[in-house]
Structure formats: C-alpha cells, structure tokens
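A.B. asks: Below is a structure I'd like to ask you about.
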Amino acid sequence: MVPVHLEYAGRTAIIRLDNPPVNALSAALLKELREAIQRLRQQIEAGDVRAVVVTGNGPKSFVAGADITRFLELDPVSGRELAREGQVIFEELAFLPCPVIAAVNGYALGGGLELAMVCDIRIAAANARLGQPEVNLGLIPGYGGTQRLARLVGPGKAKELIFTGETLLAEEALRIGLVDRVVPEGRALEEALRVAAVIDGKAPLAVRAAKEAINRGLDLPLDKGLEAEAEFFGSLCATEDQKEGARAFLEKRSPQFRGV
Ligand SMILES: C/C=C/C(=O)SCCNC(=O)CCNC(=O)[C@H](O)C(C)(C)COP(=O)(O)OP(=O)(O)OC[C@H]1O[C@@H](n2cnc3c(N)ncnc32)[C@H](O)[C@@H]1OP(=O)(O)O
C-alpha cells in the first residue's frame with residue numbers, strides 16, 4: 001500500500017495521502033511525500049504543473065497528525081530529529097513555485113493542521129475538525145505549528161488553541177482565518193480543483209511572483225516588502241506574458257499565457 005498517490009487533473013497535481021485509518025504521518029508517508037514534492041518541483045519548473053492540491057484519502061481524515069506509535073521510544077535527540085524531519089519536508093512543500101491548496105476533507109490535527117498551514121490556501125469540508133492537540137501527549141506542535149498558527153490567526157488565538165489542545169469545526173476555523181473557505185462534506189477536493197483551474201488560466205509567472213512577494217513580505221518591514229513587490233513587478237515586465245496580457249485586454253480577447 002503506497003501512502004502517497006500523485007494524480008493529475010489537467011495541469012493541477014493532486015497529492016493524496018493514504019495511510020488508513022486516519023492518514024497519520026508515518027515515516028514511510030513522509031519519505032514518499034518528500035519524493036513526490038521533489039518530482040512536482042521538476043514538473044512545475046517544466047511548466048507541466050501550475051497548481052498542487054493536497055488532500056487525505058477517505059471521508060474521515062485529512063491527516064490526524066504524526067504517527068503517535070513512533071512516540072514511545074522518542075528521546076531528546078530523536079524527538080528533535082522527528083520534528084526537523086517534518087519541518088524540512090513541509091518547507092519544501094511551502095516553497096513549491098506554484099499555489100498549493102489544502103483540501104481539508106476531515107480531521108486536520110497536529111501535524112495534519114501543520115501540513116494544511118504550509119499550503120497557500122485552505123479549503124475545508126464542513127465536517128473537518130482542526131487543532132493542535134499535542135499538549136494531550138506532553139508535547140508541542142513540532143512541524144511548524146507554533147510558528148505558522150500565530151502568523152495565521154494571531155498569537156492570542158494560537159496560544160489558546162495550543163494551550164488547550166481544543167479542536168475547531170470548519171466554520172469556527174473560517175471565522176478566525178485558519179481556513180479560507182468552507183464547503184459541504186465531501187466537496188473539499190472538488191472545490192480545491194475548481195480554484196486550481198481558475199489559477200491555471202492566469203499568467204503562471206505572475207502567480208509565482210505573487211506567492212513569493214507575499215511570503216517574503218511576511219517577515220519584512222513594510223518598506224522592505226514594498227521594495228520587494230516593486231522588484232517582482234518590474235521583473236514581470238520583461239516577460240512575454242505581461243505584453244500578451246496587455247495586448248489581449250486592448251484587443252478585447254482572452255490572453256493566452258505561455259509562462260514566458
Ligand atoms: C510533530 C507532530 C506531532 C503530532 O502531530 S502529535 C499527534 C497529533 N494528533 C492527535 O493527537 C490526534 C490523535 N487522534 C485522535 O484524536 C483520534 O484518533 C481522531 C479524532 C483522529 C479519530 O478518533 P476516532 O474516530 O475515535 O478514532 P480512534 O479510535 O481514535 O482512531 C482510529 C485508529 O487510528 C489510530 N490513530 C488515530 N490517530 C493517530 C495518530 N496520530 N497516529 C497513529 N495512530 C493514530 C488510533 O490509535 C486507532 O487505532 P486502532 O484502531 O488500532 O485502535
């Protein structure tokens with residue numbers, strides 16, 4: 001049984017995590033996930049993939065966290081290694097040069113929510129439950145949750161969720177900005193693919209630059225972020241797609257972007 005399936009819908013790649021019963025992040029799944037990410041980077045750079053969707057297999061769970069069965073033998077050295085292992089893989093996913101959309105089809109707990117937070121956009125099914133329950137295990141989030149949750153929902157809400165280990169229903173997560181859209185149960189992947197198809201029709205270099213400008217600006221003072229934005233804006237003016245976009249508008253026709 002392969003824990004990570006790579007599927008394609010046009011120029012959208014789907015990473016389907018499949019580790020029954022709850023898609024826990026086993027060592028084998030993490031290894032396969034890293035290999036899939038590295039393969040996708042090549043396909044994105046070749047222009048064959050313009051968006052990536054990550055989802056869990058089955059109706060119940062996106063990802064219910066790291067594999068707790070690995071936790072009984074952990075010591076400070078192996079614990080740090082387990083955390084860094086996931087952080088590095090998640091960073092590789094975060095830095096894919098195209099939009100990555102999480103189709104949160106069910107439980108997104110611990111490492112599962114951390115995986116969803118690495119994605120650029122989070123679309124949750126109404127039955128999804130999201131949280132960082134690591135304090136129930138004598139731990140803290142270890143795949144980036146203490147850093148990304150605070151950036152997404154603010155330090156106060158992040159502390160409340162991490163201190164209490166409470167889980168949120170999708171609608172509550174939407175209200176605090178943890179997810180971007182809530183859809184009926186069973187429809188998360190369909191909606192993620194719809195959003196990806198819209199993005200597929202846009203200028204890929206512009207979409208890539210927007211992702212990089214936003215991400216880079218998160219850790220910069222505003223004046224430096226504005227400088228970075230201007231740099232990206234200027235660099236796009238050297239692309240054929242920028243001229244095609246302007247021409248298409250003036251000629252009142254749809255642009256044909258080629259990613260150059
Ligand atoms: C660096 C990152 C750290 C982390 O991510 S720490 C882990 C954070 N995640 C959690 O704490 C979630 C733990 N799981 C649960 O709370 C519950 O489960 C669920 C809410 C996801 C589902 O509850 P229910 O529907 O009652 O099913 P069930 O009987 O609890 O679980 C079904 C089977 O799945 C196994 N399982 C659930 N979560 C994990 C996991 N994260 N790692 C390994 N196994 C898991 C259980 O043990 C059980 O197994 P069996 O059927 O053999 O008894």
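A.B. asks: Answer with yes or no whether Ile214 is β-branched (Val, Ile, Thr) and closer than 30 Å to Gly10 by Cα.
C.D. replies: Working: β-branched (Val, Ile, Thr): yes; closer than 30 Å to Gly10 by Cα: yes.
For Ile214, the condition - β-branched (Val, Ile, Thr) and closer than 30 Å to Gly10 by Cα - is met.
A.B. asks: Right, here's the next one. Between residues in region 220-249 that are hydroxyl-bearing (Ser, Thr, Tyr) and residues that are in a helix (DSSP H, G or I), which pairs lie under 6 Å by C-beta distance while being six or more apart or on different chains?
C.D. replies: What qualifies is Thr239/Leu205.
A.B. asks: Could you list all residues from region 123-139 that are open to solvent by less than 10 Å² (accessible area, probe 1.4 Å) and either in a strand (DSSP E or B) or more than 9 Å from the ligand (Cβ to nearest atom) (or both)?
C.D. replies: Ile123, Ala124, Ala125, Ala128, Leu130, Gly131, listed by residue number.
A.B. asks: Which of the residues that make up region 21-39 are free of Cβ contacts under 8 Å to residues at least 40 places away in the same chain and more than 11 Å from Val63 (Cβ to Cβ)? Reasoning before the result, please.
C.D. replies: Taking region 21-39 first, the residues free of Cβ contacts under 8 Å to residues at least 40 places away in the same chain are 28-29, 31-32, 35-36, 39.
The answer is Ala28, Lys31, Glu32, Glu35, Ala36, Arg39.
A.B. asks: Which condition number does Gly47 fail, the rest of (1) at negative phi; (2) in contact (Cβ under 8 Å) with a residue 24 or more places away in the chain being met?
C.D. replies: The failed condition is (1).
A.B. asks: How many residues does region 217-247 hold that are open to solvent by 70 Å² or more (accessible area, probe 1.4 Å) and farther than 30 Å from Arg16 by Cβ?
C.D. replies: Here is the first cut: in region 217-247, the residues open to solvent by 70 Å² or more (accessible area, probe 1.4 Å) are 218-219, 221-224, 226-227, 229, 231, 233, 238, 240, 243, 247.
Retained after the next criterion (residues that are farther than 30 Å from Arg16 by Cβ): 219, 221-224, 226-227, 229, 231, 233, 238, 240, 243, 247.
Number satisfying all stated conditions: 14.
A.B. asks: Ok, one more. If you go through region 171-200, how many residues are more than 16 Å from the ligand (Cβ to nearest atom), assigned to a helix (DSSP H, G or I) and either crowded, with 21+ Cβ neighbours inside 10 Å or touching a residue at least 12 places away in the same chain (Cβ under 8 Å) (or both)?
C.D. replies: 12
A.B. asks: Across region 112-122, what is the number of residues that are touching a helix residue (DSSP H, G or I) at 6+ places or on another chain (Cβ under 6 Å) and within 14 Å of the ligand (Cβ to nearest atom)?
C.D. replies: Qualifying residue count for the region: 3.
Residue by residue, here is whether (1) more than 15 Å from the ligand (Cβ to nearest atom); (2) farther than 23 Å from Ala188 by Cα holds:
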site: Ala94; (1), (2): yes, no
site: Pro99; (1), (2): yes, no
site: Gly110; (1), (2): no, no
site: Ile162; (1), (2): no, yes
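A.B. asks: Residue check: is Ala203 buried (at least 17 other Cβ atoms within 10 Å of the Cβ), of a type in the set (A, V, I, L, M, F, W, C) and more than 20 Å from the chain's Cα centre (by Cα)?
C.D. replies: yes
A.B. asks: Would you pick out the residues in region 28-67 that are surrounded by 13 or more Cβ atoms within 10 Å (Cβ to Cβ) and within 12 Å of the ligand (Cβ to nearest atom)?
C.D. replies: Passing the criteria: Leu29, Leu30, Gly56, Gly58, Lys60, Ser61, Phe62, Val63, Ala64, Gly65, Ala66, Asp67.
A.B. asks: Same structure again: Looking at region 1-20, I want the residues that are closer than 12 Å to Ala192 by Cβ and have a partner that is acidic (Asp, Glu) with Cβ atoms under 8 Å, at least 6 apart or on another chain. Which pairs are those?
C.D. replies: These pairs meet every condition: Thr12/Asp200; Ala13/Glu7; Ile14/Glu7; Arg16/Glu7.
A.B. asks: Can you tell me which residue is surrounded by the most Cβ atoms within 10 Å (Cβ to Cβ) among those in region 140-170 that are out of contact with any strand residue (DSSP E or B) (no Cβ under 8 Å at 6 or more places or on another chain) and part of a loop (DSSP other than H, G, I, E, B)?
C.D. replies: Initial filter on region 140-170 (out of contact with any strand residue (DSSP E or B) (no Cβ under 8 Å at 6 or more places or on another chain)): 140-141, 144-160, 162-164.
Those left that are additionally part of a loop (DSSP other than H, G, I, E, B): 140-141, 144, 154.
Numbers: Ile140: 13, Pro141: 26, Gly144: 21, Gly154: 13.
Checked region 140-170; the qualifying residue surrounded by the most Cβ atoms within 10 Å (Cβ to Cβ) is Pro141.
The values are calculated or read from the model by the stated rules, or taken from the named source; none is laboratory data. Everything quoted here is computed from the prediction, not taken from an experiment. Ideal geometry is used to build each Cβ from the backbone, glycine not excepted, and the neighbour counts take in all protein chains shown. In case anyone asks, the SASA skips ligands and DNA or RNA and just uses the protein heavy atoms, side chains included. Shrake-Rupley method; radii C 1.70, N 1.55, O 1.52, S 1.80 Å.
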